[in-house]
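The values are calculated or read from the model by the stated rules, or taken from the named source; none is laboratory data. Values in this document were obtained by computation on a predicted structure and should not be read as measured data. Don't worry about glycine lacking a Cβ; one is built from the backbone with ideal geometry, like all the others, and counts go over all protein chains shown. Quick note on the areas: whole protein, heavy atoms, side chains included, nothing else; ligands and nucleic acids left out. Shrake-Rupley method; radii C 1.70, N 1.55, O 1.52, S 1.80 Å.
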Amino acid sequence: MTPTAGTPVRVGIVVGSDSDLPVMQEAGRVLADFGVPYELTIASAHRSPDRVERYVAEAEGRGIQVLIAGAGAAAHLAGAIAARTALPVIGVPLPGGALGGLDALLSTVQMPAGVPVATVAIGGARNAALLAVQILGVAEPALRERYRGYQTKLAAQVEEKAARIASSEAGMVPPREAR
Ligand code: RP5
């Protein structure tokens with residue numbers, strides 16, 4: 001699956017299973033909003049280790065600069081990728097299963113010293129993509145500027161909500177009853 005077919009891909013999103021797509025597609029949407037060409041594929045650290053190996057071996061040569069890996073359960077995908085590349089790897093622990101994503105969080109975040117994975121929150125596909133944009137933005141002032149524009153919009157949304165609450169009953173905290 002290559003949502004930005006035809007343009008050189010800069011971010012590779014890898015998910016462990018098609019069941020991860022509903023959460024991880026949000027990363028693609030964010031990258032598309034920033035105009036960052038990306039691709040999304042499935043490769044499992046446990047079920048298809050050779051495919052992970054092949055994908056990572058070719059990624060840098062194809063122009064990919066950041067890798068995002070989303071997996072659930074005993075999630076070793078991000079770590080397995082990080083072990084094989086010099087590119088920055090962002091790990092997204094995914095929810096689901098008996099432990100609600102805590103298993104994936106610990107598997108992704110607790111990397112041994114020497115092999116970093118920048119781990120975001122459980123289900124944090126959006127932040128993974130934003131972090132990828134920030135990383136790419138280090139060497140690209142125009143992209144960094146777009147990121148600043150995004151931050152400005154975030155702040156404006158809070159202002160708007162604060163103004164709305166100030167002019168509604170929700171903003172009126174009733175005095176505490178006399179005891
Ligand atoms: C992980 O196991 C995948 O990343 C997924 O989150 C989880 C369950 O996979 P499926 O059984 O739904 O394919 O490897």
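For this structure, a couple of remarks:
- Filter result for VAL115 (in the same structural domain as ALA45 (by TED's automatic domain parsing) and either touching a residue at least 40 places away in the same chain (Cβ under 8 Å) or more than 15 Å from the chain's Cα centre (by Cα) (or both)): yes
- Screening PRO95, PRO175 for residues that are within 23 Å of VAL14 (Cβ to Cβ) and either outside the structural domain of GLU53 (by TED's automatic domain parsing) or modelled with pLDDT of 95 or more (or both) leaves exactly one candidate, PRO95.
- Filter result (over 14 Å from the mean Cα position of the chain (by Cα) and not acidic (Asp, Glu)) within the stretch 17-40: SER17, SER19, GLY35, PRO37
Residue-wise test of (1) within 14 Å of VAL66 (Cα to Cα); (2) out of contact with any Leu (no Cβ under 6 Å at 6 or more places or on another chain).
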position	(1), (2)
SER107	no, yes
GLY124	no, yes
VAL133	yes, yes
GLY137	yes, no
ARG144	no, yes
TYR150	no, yes
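- Filtering the stretch 133-147 to residues that are charged (D, E, K, R) and touching a helix residue (DSSP H, G or I) at 6+ places or on another chain (Cβ under 9 Å) leaves ARG144, GLU145, ARG146.
- Looking across the stretch 117-143, the residues that are under 23 Å from ASP103 (Cβ atoms) and of a type in the set (Val, Ile, Thr) come down to VAL117, THR119, VAL120, ILE122.
- When the stretch 119-172 is filtered for residues that are open to solvent by 90 Å² or more (accessible area, probe 1.4 Å) and over 23 Å from ALA32 (Cβ atoms), the ones remaining, listed by number, are VAL158, GLU159, GLU160, LYS161, ARG164, SER167, GLU169, MET172.
- At least 1 residues being within 24 Å of PRO141 (Cβ to Cβ), within 16 Å of the ligand (Cβ to nearest atom) and of a type outside the set (Phe, Trp, Tyr) is the threshold, and among the helices (runs of 4 or more DSSP H) wholly inside the stretch 4-112 those reaching it are 21-33.
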